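Following: one structure in structure tokens, then a few remarks.
The values are calculated or read from the model by the stated rules, or taken from the named source; none is laboratory data. Note that the structure is a prediction, hence the values are computed from the model and not measured. Methodologically, a virtual Cβ is constructed for each residue, glycine included, from the backbone with ideal geometry; neighbour enumeration extends over all protein chains shown. To get the accessible areas, we keep the full protein, side chains included, count just its heavy atoms, and leave off ligands, DNA and RNA. Shrake-Rupley method; radii C 1.70, N 1.55, O 1.52, S 1.80 Å.
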Amino acid sequence: MSSKKRQPSLAQLRAFDAVAEHLHFRDAAAAIGMSQPALSGAVSALEEALGVTLLERTTRKVLLSPAGERLAVRAKAVLAEVGALLEEAEAVRAPFTGALRLGVIPTVAPYLLPTVLRLVHDRYPDLDLQVHEEQTASLLDGLTTGRLDLLLLAVPLGVPGVSELPLFDEDFVLVTPLDHRLGGREGLERSVLRELKLLLLDEGHCLRDQALDICREAGRADVPATTSAAGLSTLVQLVAGGLGVTLLPRTAVRVETSRSSQLLTASFTDPAPTRRIALAMRTGAARSAEYGELAVALREAMADLPVRTVHD
């Protein structure tokens, strides 16, 4: 019998990676679509192949052994490289085919997705676009772990290993109730934000952070969170009900203000507060050339929106 150890299989590495992440056999098995006995057997086979104990099993919980802690990092790296290999092969085989998992923030999705979906349908009919609407932190986690391929969100992100393909800048406008003294006005100074009752989105939305940044730039120290909303639609309805005012990106104005006759908008003097929307991808992604081409196509498709397109 040869003393040479058997090579671990990808299935064994995936099983171990799942257990290392969840520290629970049932949850790990569910996460990768494997039965619990098969998962346990795969991890045991990996331990035998490597000649080390990876897990410390007790009746209540699963812990990584010191060797398991070290090798879990290696296993994840191997699986990531295999994923990159498959992605590279798919990209070489035929660009703009197969699945593209696109993550989008909630303050962009309702207003830009019609343009994105129309473009993909018309220009890339063989692309299987899968859309995931999540907040920024969840999207970035999905991108870096490989769960998502491409993001559409507000930048800058400043995240190592993530590259941005800018699409456009858009101004913020002030949305007020019908009887508000600033309703319908143009050329507002940012300083008006110091005294207004400003309504914001819930914690976790990047648009909330952007609104707070705009207020700080206007010289306002804080915005008391007496009322907040989970989405822009609710936020605008709160404004229509007279609870305060809010800031809305221009791409959202037509959709959100058309639902009520009790709203007015007001614009700021130049330079108006703005946000930048971009695609974000893993730096060096196998499909980076495709994503660059998609960014160019999206800039063209968004020319009719109330935005200013930007380029790399």
Using amide H atoms built 1.01 Å from N in the peptide plane, name the residues 5+ places from VAL104, or on other chains, whose amide H lies under 5 Å from its own. HIS132, GLU133, GLU134, LEU152
Show me, for the stretch 70-79, the HN-Hα J-couplings you get by feeding each phi into the Karplus relation (A = 6.51, B = -1.76, C = 1.60, θ = phi - 60°), rounded to Hz, glycine and proline as x. 5, 6, 4, 5, 5, 4, 4, 5, 4, 5
What is the dipole size for the chain, taken about its Cα centre, with +1 at each Lys and Arg Cβ and -1 at each Asp and Glu Cβ, in debye to the nearest 20? 700
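Any idea what the relative contact order of the stretch 216-267 is, in percent, if you count C-alpha pairs under 8 Å spaced at least 6 apart?
Result for the stretch 216-267 is 28 percent.
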Based on the mean of other Cβ atoms within 10 Å per residue, sort peptides 198-207, 293-302 so the most packed one is first. 198-207, 293-302
Solvent-accessible area per residue for the chain (1.4 angstrom probe, square angstrom): 51
Got a sec? Charge dipole of the stretch 23-92, +1 on Cβ for Lys and Arg, -1 for Asp and Glu; which of GLY51, LEU63, PRO37 is way out at the positive end? LEU63
Can you tell me which of 172-178, 110-116 comes out highest on packing, and rank the rest after it, using the mean Cβ neighbours within 10 Å? 172-178, 110-116
Along the dipole axis of the chain (charges at Cβ: +1 for Lys and Arg, -1 for Asp and Glu; origin at the Cα centre), the most positive-end residue among VAL192, ALA278, SER228 is SER228
Using the charge dipole of the chain (Lys, Arg: +1 at Cβ; Asp, Glu: -1 at Cβ; taken about the Cα centre), state which of HIS311, LEU294, THR107 has its Cα farthest towards the positive end. THR107
Apply the Karplus curve 6.51 cos²θ - 1.76 cosθ + 1.60, θ = phi - 60°, to the phi angles in the stretch 154-159 and return the couplings in whole Hz, x for Gly and Pro. 7, 10, x, 9, x, 9
Just one of (1) 17.0; (2) 26.3; (3) 21.2 is mean projected area of the Cα convex hull in nm² as worked out from the coordinates here. Which one is it? (3)
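Rounded to the nearest 20 Debye, what is the dipole magnitude of the stretch 133-284 about its Cα centre when Lys and Arg each give +1 and Asp and Glu each give -1 at the C-beta?
Charge dipole of the stretch 133-284: 260 debye, to the nearest 20.
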Determine the dipole magnitude for the stretch 139-193: charges of +1 sit on the beta-carbon of Lys and Arg, -1 on that of Asp and Glu, nothing else is charged, the reference point is the Cα centre, and the result goes in debye to the nearest 20. 160
Counting sequence-distant residues (5 or more places) and residues on other chains, those with an amide H built under 5 Å from that of LEU129 are LEU100
If packing is taken as the average count of other Cβ atoms within 10 Å, what order do 210-217, 8-15, 119-126 fall into, highest mean first? 8-15, 210-217, 119-126
What nm value, rounded to one decimal, do you get for the distance between ASP222 and SER258 when each label is placed 7 Å out toward the C-beta? 4.0
Counting only protein heavy atoms and using a 1.4 Å probe, what share of the accessible area of the chain belongs to carbon plus sulfur, as a whole percent? 52
